[in-house]
Amino acid sequence: MDSPENKRRATCRIGDRSTSDVVVRLRSQEGRDDRVYCHSHILIRNSKYFADRLSENWPTCQILDSRNCVEVYCQESDLDYHVNLLRLFYVSMEGSTTDMFHGVRNALGILRVANELGCPRIIAACVDYLEAVPWEEAEEEEILRVIPSMGSQAEPILARLQPVNAAIIVSIFLSAIRFAMSSPSLSMTDLKVSAQEQLEYMLTEDDDAPLLTADEKMKSVVKECVKSLLSRFNNLIQSLLCVPKDSVLEERDIQLFHSYLTDLSWACQILAKLDMMRELVICWTEASENIVKIVGQSSEAEVLETKVKVIEITAKILEAIGYGTVTLPTAKRLHAVKVWLPFVRAMKPLIDSASTSVEDGMALKIDGELWQSLESVFVLIILALPSADQAEILTEWLENEHIHYPDLTEAFEVWCYRSKVAKRRLSSFGVSMV
């Protein structure tokens, strides 16, 4: 049943000259001058501004065509919002307001005007609407520019933008990382990739600080997730090694293997940010020979993209070793060089050749900085090995037809210098020589 106020409002229509007793004159500095025929009791009930202007105490109340006249000066861009606000004075706010505001931008403009003119009923309706509907990016920026200055009455609009406490952030991070490292079915790849991207974003320092800082409890969960991922990866490797050497791996196996490599490549990024690369480095180093065997057991056409992914991961693993982020015994470092140096050397011309293909170039192209980084890190690792091991690696390099990459000239120069002055340097410090 309609309230008496709604019935009274229904008998009055905005713009009805026959019943109106006040003219609202909307004027802009650009010269626009709109006159809207209204009813004083509706204006007074809905707006403090109009209530003041139409009171007996207002000294400049003018008479126009036997009606009170209230002039409102505004910017040209806001004039239509003023007209829409006046129309809303005549509308019941009971029920849905979706059709009243015609979008976020219009509702925001009406809200600004309603705030200036002191219209609590319209303000409440605008706040309820803006709090509930979706925003586009440009609208969100406009809301951030306008709403904070309106005080507590408009605060509900900003609820979706408020920061949450650290415990909630950690909870969603851990849920996401469990999913991202759970190796879901290939049909869920898009969901997994999205989770991985957001996890990396949460930990990245850009214009803003990272969303969270890892504590020991969080690192413990991450470590368990990594162990589980590596365990599944090793199980897959073992199953693929059981395929007869003269057989080609099935496409499904290659897809699954590539999916694991993609997850490990992403894990490198996350673990590097958390200073937790050790587990992954050890696992990859120990599995190196088997990984190379599996990649070599597939036809070139279907596995080239997988080989690119292997190289990307290897680069990150070798960087952790070469720069001392993860320290390994001499034997493991020597093993890593002996496995991956020949592999990278053989893959570069193959991948460079494929990159010139119009069909495959975009998917297979490796950034030149990655090749350069690999070359530099090989030099670092080699120069940290015992001199006899360095000599063995350099001898093989000098005799290889692919001597131009990786270019180990720097390692060769340092080895030559160290070897030539070794006796003199060590004896001067009283070091016994083997």
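Just one of the numbered conditions (1) open to solvent by 30 Å² or more (accessible area, probe 1.4 Å); (2) among the small types (Gly, Ala, Ser); (3) in contact with a Leu (Cβ under 7 Å, 6 or more places away or on another chain) is not true of residue 296: (3). Residues in the range 408-418 that are surrounded by 13 or more Cβ atoms within 10 Å (Cβ to Cβ) and either modelled with pLDDT under 95 or of a type in the set (A, V, I, L, M, F, W, C) (or both): 6 in all.
Being at pLDDT 95 or above and outside any loop (DSSP other than H, G, I, E, B) is the requirement here; does residue 125 meet it? No: the conditions fail for residue 125. Sub-6 Å Cβ pairs linking a first residue in the range 152-163 that is closer than 12 Å to residue 135 by Cβ to a second residue that is in a helix (DSSP H, G or I) and not hydroxyl-bearing (Ser, Thr, Tyr), at least 6 apart or interchain, are 157/127; 157/130; 157/131; 157/147; 158/147, ordered by first then second residue. When 17, 25, 45 are checked against the criterion of being modelled with pLDDT of 85 or more and farther than 17 Å from residue 85 by Cα, a single residue qualifies: 17. Taken as a whole, the condition of being at pLDDT 75 or above and exposed (fewer than 12 other Cβ atoms within 10 Å of the Cβ) does not apply to residue 92.
As for the range 170-191, it holds at least one residue that is β-branched (Val, Ile, Thr) and farther than 15 Å from residue 266 by Cβ. Only one entry of 208, 263, 275 meets the criterion of being under 22 Å from the mean Cα position of the chain (by Cα) and on the phi > 0 side of the Ramachandran plot, and that entry is 275. No other residue among 110, 168 is without any contact (Cβ under 8 Å) to a residue 12 or more places away in the chain and of a type in the set (Val, Ile, Thr) apart from 168. For residue 331, the conditions (1) surrounded by 12 or more Cβ atoms within 10 Å (Cβ to Cβ); (2) modelled with pLDDT of 95 or more; (3) not aromatic (Phe, Trp, Tyr) all hold with the exception of (1).
Checked against the criterion of being crowded, with 18+ Cβ neighbours inside 10 Å and among the aliphatic types (A, V, I, L, M), the candidates 132, 154 yield just one match: 154. The condition of being open to solvent by less than 20 Å² (accessible area, probe 1.4 Å), under 21 Å from residue 289 (Cβ atoms) and part of a helix (DSSP H, G or I) holds for only one of 261, 256, that being 261.
Only one of the listed residues (354, 320, 391) is under 24 Å from residue 275 (Cα atoms), open to solvent by less than 60 Å² (accessible area, probe 1.4 Å) and not in a loop (DSSP other than H, G, I, E, B). That residue is 320.
The values are calculated or read from the model by the stated rules, or taken from the named source; none is laboratory data. Owing to the predicted nature of the structure, the values given are computational and were not obtained by experimental measurement. All Cβ positions, glycine included, derive from the backbone under ideal geometry; neighbour counts span all protein chains shown. With ligands, DNA and RNA removed, areas are computed over all heavy atoms of the protein, side chains included. Shrake-Rupley method; radii C 1.70, N 1.55, O 1.52, S 1.80 Å.
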